[in-house]
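What follows is a short report on a single structure.
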Amino acid sequence: MPIVYITRKVHFNAAHRLHNPDRSDEWNQSTFGKCNNPNWHGHNYELDVTVSGEPDPETGYVIDLSDLKRIVEERVVDKLDHKNLNLDVDFLTGIMPSTENIAVAIWEQIAPTIPGPGKLHEITLQETPRNGVTYRGE
């Protein structure tokens, strides 16, 4: 059977600050630049969630897109949209909210909830049109 990859794209807006409290203010400013703004800064994030698997012989689906939409909305968008990633998001507590770490945390929110036989293959989180991260659960 062929393996097919199906992707759902979502959007959310969120603010954050990159700051390591174990380092000096000078180190943080030099390392993170504008992303270290003590008054936060925001992004219009784009998230692609890709599920892979063999299409079901009865439906032709790897996953019902309405199920994938619901999972991503409930597990990610509802928790991140118009939030402060440093302060408001339970699954980011104690995590530096870099795009890399946010992508891993999102994976951990979604992967266990994908109904079989499909599986979460990859997520791509775009922080800006020019900066993004892809994570495959490694």
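Bear in mind that the values in this text are calculations on the coordinates, not laboratory data. Quantities reported herein were computed from a predicted structural model and do not represent experimental measurements. Quick reminder, even Gly has a Cβ in these numbers, built from the backbone with ideal geometry, and neighbours come from all protein chains shown.
Exposed (fewer than 12 other Cβ atoms within 10 Å of the Cβ) and closer than 20 Å to Ile123 by Cα: which single residue out of Ser52, Ser66 fits that description?
Ser66
Name the single residue, out of those in the range 99-138 being β-branched (Val, Ile, Thr) and under 24 Å from Pro2 (Cβ atoms), that is surrounded by the fewest Cβ atoms within 10 Å (Cβ to Cβ). Before the answer, list the steps.
First pass over the range 99-138, keeping only residues β-branched (Val, Ile, Thr): 99, 102, 104, 106, 110, 113-114, 123-124, 128, 133-134.
Going one step further and asking which of them are under 24 Å from Pro2 (Cβ atoms), we end up with 110, 114, 123-124, 134.
Details: Ile110: 20, Ile114: 20, Ile123: 25, Thr124: 17, Thr134: 12.
Applying the filter and picking the extreme gives Thr134.
Among all residue pairs at least 6 apart or on different chains, which show Cβ distances below 6 Å where the first residue, located in the range 106-127, is of a type outside the set (A, V, I, L, M) and the second is in a loop (DSSP other than H, G, I, E, B)?
Matching pairs, first to second residue: Trp107/Gly137; Gly118/Val62; Gly118/Ile63; Glu122/Arg136.
Quick one: which residue in Glu46, Glu74, Glu58 is over 12 Å from the mean Cα position of the chain (by Cα) and under 20 Å from Thr7 (Cβ atoms)?
Being over 12 Å from the mean Cα position of the chain (by Cα) and under 20 Å from Thr7 (Cβ atoms) holds for just one of Glu46, Glu74, Glu58, which is Glu74.
Looking for whichever is touching a residue at least 40 places away in the same chain (Cβ under 8 Å) and over 15 Å from Gly118 (Cα atoms) here; the options are Val62, Val4, Val77. Which one fits? Even if it seems obvious, please write down each step before you answer.
Numbers: Val62 fails: over 15 Å from Gly118 (Cα atoms); Val4 fails: over 15 Å from Gly118 (Cα atoms).
Unique residue meeting the criteria: Val77.
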